[in-house]
Amino acid sequence: MIRIITRLWSHPIGRLGLIAVGFNLLLFIFGPMLPPYDPEAFGFTARLTGSSLAHPFGTDEFGRDVLSRVMVGSRNTIGFGVLSTLIGTTVGAAIGIVSGYFGGLFDEIVMRFADAFVAIPNLLLSMLIVIAIGVSTGNAILAIAVSFAPSIARVARSTTLTIRQTDYVKAAEARGDSTGYIVLREIAPNVMAPVIVEGTIRISFAIMLGATLSYLGLGAQPPASDWGLLISEARQYMLRAPWLVAWPGLAIAVVSIGFNLLGDGLRDVLNPRVRD
Amino acid sequence: MTDLLTVENLTVDFETGDGTVRALDNVDIRVGPGEAVAIVGESGSGKSTLAYAILQYLAQNGRKVAGTVRLEGRDLSRLTRPELHMLRGAEMSVVSQDPATSFNPTLSVGRQVEEAIRVHTRLSGTALRVRALEFLRKVGLPDAETMMDKYPHQLSGGEKQRALIAAAIATGPKLLIMDEPTTALDVTTAAALVALLKDLKRSLGVAILYITHDLGIMAQIADRAYVMKQGAVVEEGTVEQIVTAPRHPYTQRLLASVPDPEAADGAEHRSAAGGDTPLLEVRDLKVSYPMRVKSGPFHWGASRLVQAVHNINLKVGRGETVGLIGESGSGKSTIARALVGLNAFNGEIALEGNFRHGREALDAAYRRDVQMIFQHPDLSLNPRIRIAELIGRPLKLQGGVSRTEINAKVAEIMRLVQLSPDLLNRFTYQLSGGQKQRVAIARAFITRPKLVICDEITSGLDVTVQKSIMELLGSLQSQFGTSYLFITHDINLIRSVANRIYTMYFGEIVEGRILENPSLPAPYHPYTEVLVKSALPPRRALTGSIETIKGELPSRLSPPRGCVFASRCPRRIGPVCDQTAPDLLPRGEQIGIRCLIETAELRRLPTL
Amino acid sequence: MSANYLVRRFFSTLLVIILSSVIVFAITNVLPGDAASMVLGEHATPQDLIAVRERLGLDQNVVLRYVEWLGGALTGNFGESVAMQRPVWDVLSVAISRSLILAFSALLIVICIAIPLGVLAAARKGTAVDLVVSLFSYLGIALPEFVTASLFLTFLAGPSLGIFPAGGYASFSGDGVVDALRHLALPALSLTFILMAHISRLVRSEMIDALASDYVRTAVLKGLSRRQVLFKHALRNSLLPAVTIIALDIGYLLGGVLVVEEVFAYPGVGRLMIFAINNRDLPLIQSTAAVIAAGYAFANFGADIIYAWLDPRVQYD
């Protein structure tokens, strides 16, 4: 772990990613703790004001401080992205590795269904799942996890197929090693690198999907201050107060870019053969 | 004589993550018109960097620090970019190491050959095609017309390399730079290519700068040679002088490392032949694999069984080294994989007289006693497992061994393979190629197996490293009495160590013989003769001429009815060879020879 | 490329379409939660629930209902929309044509801009040009469509500028080309951001790999100029993986269509889908989702054909 971080630090894009994700972490931990104002406090004297010293991100239609609302919403938004990706990636990777190693009819069926799942756009799939099991943040996390699993499974499977053909797996089979050891020790760690890279980049995608669901009314519900919801609520006032869209939008972009940069850095760093 | 190419004090640095590395250090070389000059060295010697520095084509992180490169007196570093484009491919052409990647896979071969001609001549249309065809024929591709329309993946490695040479010479260059052009090819294909180059040099008068690690090929092709080590030229001279009277200690060590059956200086290791009951006996081994054949709209049920190897009978005595030699496609690795249970097979495998039928019968005891070392340690050692676990795993698997015992045994074997104990907690990507192969050897020996199968284990290594690995195997053998089944394409290497050699061609054993010394007395199979004459060691290469054979391996889908070697055999008797399949019959002192030629006639051949 | 390959790929595309409709059907019918109460909301009376179940055939076996739906769908009968009281196909067919116009405009913009950008960045690797393209693409990847769409709406369609209409649709035949394009412009542009970023990055990295390949070295050392090497050798091979990725990106594009059509009130499949979801119009949800999945599957079918046509190595036998 420490080794990977030091190597990321010496990689130009990886370093930017570390800094940005470090910032995301701080936002996640301290964002809801340190807002300058009560995010729910109505301010009738200063509604829909632009940036000022008192309100750097301006205020909304109820005079609530936008900066405070963005800060408070950060934990939900980032946590949402990380959690849903983590679930989806773990499940997907497990399915992909097992399917790829054992092959046969099971593999054939799993992969045909994965193809079919992938044909339904992630956003649509998660919308369908959410309306079927009920609108809530928890269900939205689950829905996005389910929509991610098939494509992660495909990545994990194709890597597994390559690894299964390598001489080190052949050597393990030749010495009569157990299936458990081969899958868990010989194959899984080698499959994890591309899966982790894919997963890291997908966190930003999950954040955007989650925000979109909230925007469409299928994720977080008012009065939460999820960033997607902030933009959704701002729709009516958009023309008069564009910052209501711009600040949460920028926040989404900054957080997403961080995970994207980290993923790109990891892609280079986690590849044991391509060094320097 | 005015020189064609002169390189003076050429010094090149590379910027890497670990700082600046000097790739070329004050290199001086010259090539006269029509002269063939070899640059010889091991990996990391800078020989390829030199080739590309001459062409003014350095990698992005490379930088010329000092020196000049002159072609007919012109300083190439002073040329403008358009002038350089005019020069490259026209006056100075290059053929690189790997024919598989040197062609653009999405363009036809003809288009890529024509392209080289078009940029430097005013030819177009039919005239252009005629010129391309002319040179494709000149490099020994008689079927040039159809070859033009093929795509690179449809050609064999040898054909691709010839087509690249055609593209390189069709513009009439004065200098042809060859960067390890035969390294990716089989020995017989390589031999034919070297013969072609010698021909072209004579007929076209083109000068050749030949980059190689192979001293035998150097001696074949070059008039003079430069020996490089770590970016510097350490010795220069005629090839005779370098081969017969090397002055620099490095050149001497390099020459001493090249396997040469005739230079048996007593340092060679040959184990004593074993007793009567063989350790391993293989009877009528057959391996088939399904191959898809086009038919029906959905290709369902359209796979056909194709034989990879068949009729394999061989023995390995206790403490013996047995060589299994052949080129790619001969099936030698298929046998190795069957012997360790990686391929399903028909037939019987007996270890110490216990006969086992089929893959399922290879039980835990067998798997402990028979270990395999793979060709590429990069592929056979898991990059995400630490060395201690890699080596200790087979022992742990055996069960009943405590962790401390395992640690002790791992430490002991590390010492035996001469690896520092500091490496135990490292990953293999932190090691050199030779060190990695030592780890693989340690893993194979940790269970004290009776038989170790070595599948081309030195073919990716430099000769000096190869020599040290062979010495290591020898000392382990004398210590533990291990038998080796040594699979290789290098007949010179195996002649100096084996007690027994089986030669394979197209899935069959065509010859089996017992050796007491490196010489191969008659009778022998014509293919064995071809192998020997295709890869002459440096000393022999100075005087002897290489034997070349034409053609390619037969197709697996329509295997020949007669002798498998008939289509390429230089001693072919006649149509009978195509119709009658010979048996592997004992001839003279040999275990068996699969050939229709009379024993008496084979006996008359000279000793190899 | 053999005809066999085409036939085989066609059938596997059909299989994907059918399986994805099974998934859609399963999600909306089998998951916990009763489809009828999903349609009616949480405060429905038991009588209403029974009535809806009967009308939608929910009292029948799920498998039977799916087979019936599939049979209908294959003959162009997708059932009746609950909310609109009209045949689904009538509504859907109109929406499909509008969304296709939108999606193709976006794809065209992406291809025309992203590929040259990627080539430029690779050819000028490590320079300011490369940096700008990279920054732009990171930003593009990180902005969800609803944010870009909202920002476009605010700044380019606002009353102060008013170059573009704030939303809606105008047809090429009925309202004239200019009006149609004005209505198309902002939704199409909003869709391009993520794809543009993604594809220009891909083309850049593929180009960099190709430029470092042995065959490019061979071409350079044959004496070809930089321009010839770039366009005759490197670009061709870099576009191969781009074809596959563009097809996979159709998934993002179709997802984006949902949001962007909603923001701009563009009456296509996406808006229809959101309408159906907001009204819990089960027959409309099922059919629209199935149509979107089919669109994706056919786009990938097309990409495979283009790939096979471009790459002689693919023999498909």
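The values are calculated or read from the model by the stated rules, or taken from the named source; none is laboratory data. As the structure is a computational prediction, the values presented were derived from the model and not from experiment. So basically every Cβ, Gly included, is an ideal-geometry build from the backbone, and we count neighbours across all protein chains shown. In case anyone asks, the SASA skips ligands and DNA or RNA and just uses the protein heavy atoms, side chains included. Shrake-Rupley method; radii C 1.70, N 1.55, O 1.52, S 1.80 Å.
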Directionally averaged projected area (convex hull, Cα atoms, chain C), nm²: 21.4
Convert 25 °C to kelvin, take the viscosity as 0.890 mPa s, use the Kirkwood radius over C-alpha pairs of the stretch A:19-138 as Rh, and evaluate the Stokes-Einstein diffusion coefficient in µm²/s, rounded to a whole number. 136
Tell me, what ³J(HN,Hα) does each residue in the stretch B:15-20 have, in order and in whole Hz, if you take phi through Karplus 6.51 cos²θ - 1.76 cosθ + 1.60 with θ = phi - 60° and put x for Gly and Pro? 8, 10, x, 9, x, 8
One-quarter of the Cα convex hull surface for chain A, in nm²? 17.0
Taking a cut-off of 37 Å, what percent of all Cα-Cα pairs in the stretch B:280-604 are separated by more than that? 22
The helix C:145-156 Cα axis meets the longest alpha-carbon principal axis of chain C at an angle in degrees, between 0 and 90 and rounded to 10, of 80
How compact and how long is the stretch A:195-276, expressed as Rg and Dmax of its alpha-carbon atoms in Å? 16.3, 55
Could you derive backbone 3J(HN,Hα) for the stretch B:593-608 from the dihedral phi with the Karplus parameters 6.51, -1.76 and 1.60 (θ = phi - 60°), listing whole Hz in sequence and x where the residue is Gly or Pro? 9, 9, 7, 8, 5, 4, 4, 4, 5, 4, 5, 6, 5, x, 5, 8
Difference of contour (0.36 nm per residue) and Cα-Cα distance, B:R403 to B:E516: 36.3 nm
Which residue, B:G358, C:I199, B:T321, has the largest displacement toward the positive end of the dipole of the protein assembly as shown when charges sit on each Cβ (Lys, Arg +1; Asp, Glu -1)? B:T321
5 Å is the cut-off here: which amide hydrogens, built 1.01 Å from N in the peptide plane, fall below it relative to B:T580, excluding neighbours closer than 5 in sequence? B:C563
Loop-located trypsin sites (Lys or Arg not before Pro) in the stretch A:165-247, at most 15 other Cβ atoms within 10 Å (DSSP): A:R240
If you line up the long axis of helix C:235-263 against the longest principal axis of chain C, both from Cα atoms, how many degrees apart are they, to the nearest 10? 30
The helix C:282-310 Cα axis meets the longest alpha-carbon principal axis of chain C at an angle in degrees, between 0 and 90 and rounded to 10, of 20
Could you compute the FRET efficiency for A:L161 and A:R112, with r as their C-beta to C-beta distance and R0 at 25 Å, rounded to 0.05? 0.95
For the pair B:D199/B:R426, report the inter-label distance in nm, with labels modelled 7 Å from Cα in the Cβ direction. 4.8
For chain B, what relative contact order do you get, as a whole percent, if you take Cα pairs closer than 8 Å and at least 6 residues apart? 14
Residues whose placed amide H lies under 5 Å from that of A:E61, excluding near-sequence neighbours: A:L48
What is the mean number of Cβ atoms from other protein chains located within 10 Å of the Cβ atom of each residue in peptide A:104-113, rounded to a whole number? 1
Apply the Karplus parameterisation 6.51 cos²θ - 1.76 cosθ + 1.60, with θ equal to phi minus 60°, to every residue of the stretch C:197-210 and state each ³J(HN,Hα) to the nearest whole Hz, in sequence, with x for glycine and proline. 4, 5, 6, 5, 5, 4, 4, 4, 5, 5, 5, 5, 4, 4
Largest fluctuation, C:I113, C:I96, C:I50 only, Gaussian network model of chain C with Cα springs under 10 angstrom, belongs to C:I50
Contact order normalised by residue count of the stretch B:5-257, Cα under 8 Å, 6+ apart, percent: 28
How fast does the stretch A:1-68 diffuse by Stokes-Einstein, in µm²/s, taking the Kirkwood radius from C-alpha pairs at 25 °C and 0.890 mPa s? 173
Note on chain A: contact order normalised by length, alpha-carbon pairs under 8 Å, 6 or more apart, percent, works out to 27
Counting only DSSP beta bridges fully inside the stretch B:280-604, the antiparallel percentage to nearest 5 is 60
Accessible solvent surface per residue of the stretch B:280-604, calculated while the other protein chains remain in place, 1.4 angstrom probe, Å²: 41
Under the rule of -39500 (n - 2.57) per DSSP H run of 4 or more residues, summed and divided by the residues of chain A, what mean residue ellipticity at 222 nm is obtained, to the nearest 500 deg cm²/dmol? -23500 deg cm²/dmol
Translational D in µm²/s for the stretch C:222-317 (Stokes-Einstein at 4 °C, 1.567 mPa s, Kirkwood Rh from C-alpha pairs): 81
The protein assembly as shown - percent of accessible surface contributed by carbon and sulfur, probe 1.4 Å: 58
Please give the per residue accessible area of the stretch C:89-279, computed with a probe of 1.4 Å over protein heavy atoms only, in Å². 38
Between chains C and A, what is the buried accessible area in Å², counting both sides, with a 1.4 Å probe and ligands, DNA and RNA left out, to the nearest 100? 3800
Considering the Cα positions of the protein assembly as shown, please state its Rg to one decimal place and its Dmax as a whole number of Å. 35.0, 116
Signed unit charges on C-beta, dipole axis of the stretch C:148-251, positive-most listed residue C:A188, C:A149, C:H233: C:H233
Helix hunt in chain A: which complete DSSP H runs extend at least 15 Å axially by C-alpha with mean Kyte-Doolittle at least -1.0? A:12-30, A:66-102, A:104-119, A:122-133, A:137-164, A:188-215, A:243-269
Please find, in a Gaussian network model of chain A (springs between Cα atoms separated by less than 10 Å), the residue of A:P39, A:P223, A:P150 whose mean-square fluctuation is greatest. A:P223
So what's the Cα pair-distance distribution over the stretch A:131-201, bin width 10 Å, in %? 18, 36, 24, 15, 6, 0
Please give the FRET efficiency for B:T607 paired with B:D284, using the beta carbon to beta carbon distance and R0 = 30 Å, rounded to the nearest 0.05. 0.40
A drop of at least 10 square angstrom in accessible area, chain alone versus all protein chains together, probe 1.4 Å. Which residues of the stretch C:118-146 meet that? C:K125, C:Y138, C:L139, C:I141, C:A142, C:L143, C:P144, C:F146
Averaging 1/r across every pair of distinct alpha carbons in the stretch B:127-201 and inverting yields a Kirkwood hydrodynamic radius, in angstrom, of 12.7
Give me the one-decimal nm value for the distance between modelled label points at B:E552 and C:A83, 7 Å along each residue's Cα-to-Cβ direction. 6.3
Can you give me the three principal axis dimensions of chain B from its C-alpha atoms, in Å, biggest first? 73, 62, 57
Residues of chain A: accessible area per residue at 1.4 Å, in Å²? 40
Given Cα positions, please report Rg to Rh for the stretch C:113-242, the hydrodynamic radius being the Kirkwood one. 1.14
Dipole magnitude of chain C, debye to nearest 20 (Cβ charges: Lys/Arg +1, Asp/Glu -1, about Cα centre): 1460
Bin by bin, in steps of 10 Å, what percent of the Cα pairs in the stretch B:5-257 do you find, going until the bin that has the longest distance? 7, 30, 35, 21, 6, 0
Note: C vs B interface, total accessible area buried (1.4 Å probe; ligands, DNA, RNA excluded), nearest 100 Å², is 2800
Two-site FRET efficiency, B:V306 against C:N61, from Cβ-Cβ distance with R₀ of 35 Å, rounded to 0.05: 0.10
In vacuum, with every alpha carbon of the stretch B:349-407 counted as one equal point scatterer, what does the Debye formula give for log10 I(q)/I(0) at q = 0.25 Å⁻¹? Two decimals, please. -1.06
5 Å is the cut-off here: which amide hydrogens, built 1.01 Å from N in the peptide plane, fall below it relative to B:I177, excluding neighbours closer than 5 in sequence? B:S93, B:V94, B:V95, B:L209
